[in-house]
Amino acid sequence: MIRKIRQISPEILMFFVLISAVAIGNGLSDGVYSNYYKEVYQVTAFQRGFIEFPRELPGLLCALIIGILGFLGDLRVALIAQIFAIVGVSMLGLFTPSFAVMLIFLFINSMGMHLFMPLQDAIGMSLAEPNQIGRRMGQFSSVRAAFGLLAALLVFFGFRTGLFTFNTSVKWIFIVSAGAFGCA
């Protein structure tokens, strides 16, 4: 096993770390937003529907933004995406902004997550050895799923034990998520 790891290029190992950190960051933030809206803002059904617009708008704008930033290259745009994710989720964790301001930070975080989604496959394929592309993409996807599961377990046990809660001024789950994005 260790011999196989040593045969992997440092770039691919770093990419495994990147997708692991992003999977944890996404799992800790994206997986709890519905509860956050309900517990912190007591959203109504109408408001919950309204929230989806700034949350999903970055997905619609993604092709346009990647096209505009394309001259920077995939890696730099991926870095920008992580910065957006960090800023958005950090502000939700450090402050309890008004509903309207929360939507702005939600949009920023979502922009980062949506920008990174298509880039992760492009970066993964560019890093994979020519005769190993399918295998590497499967490995990348497996690592993403495994760390997504780890994030789900952290959410479950964190809220179950009281480590995470929305009843404090600082929402630690979002701060930990921002830390994961920072590692990425």
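The values are calculated or read from the model by the stated rules, or taken from the named source; none is laboratory data. Nothing here was measured: the structure is a model prediction, and the numbers come from that model. Positions of Cβ are generated from backbone atoms using ideal geometry, with glycine treated the same way; all protein chains shown enter the neighbour counts. Note: accessible area is taken over every heavy atom of the protein model, side chains too, but ligands, DNA and RNA are not part of it. Shrake-Rupley method; radii C 1.70, N 1.55, O 1.52, S 1.80 Å.
Miscellaneous remarks
- Each peptide in 106-113, 76-83 receives the mean, over its residues, of other Cβ atoms within 10 Å, and ordering these scores from highest gives 106-113, 76-83.
- Simple spin-label estimate for Gln7 and Leu64 in nanometres, 7 Å along Cα-Cβ: 4.7 nm
- Per residue accessible area of the chain, 1.4 Å probe, in Å²: 54 Å²
- Dimensionless Rg over Rh [the chain; C-alpha; Kirkwood]: 1.00
- For segment 37-184, with +1 on Lys and Arg beta carbons and -1 on Asp and Glu, the positive-most of Gln42, Leu127, Gly179 along the dipole: Gln42
- Per principal axis, descending, Cα span of segment 1-86 in whole Å: 55, 34, 16
- Only helices enter this figure: runs of n ≥ 4 DSSP H residues, each worth -39500 (n - 2.57), summed and divided by the residues of the chain, yield -28000 deg cm²/dmol at 222 nm to the nearest 500.
- Normalised by 2.2 N^0.38 Å, where N is the number of residues, the C-alpha radius of gyration of segment 45-85 stands at 1.46.
- Taking 0.36 nm per residue of separation and subtracting the Cα-Cα distance, full extension of the segment from Ile104 to Leu149 would add 13.4 nm.
- Compared with the direct C-alpha span, the chain from Met125 to Leu163 gains 9.9 nm at full extension, assuming 0.36 nm per residue.
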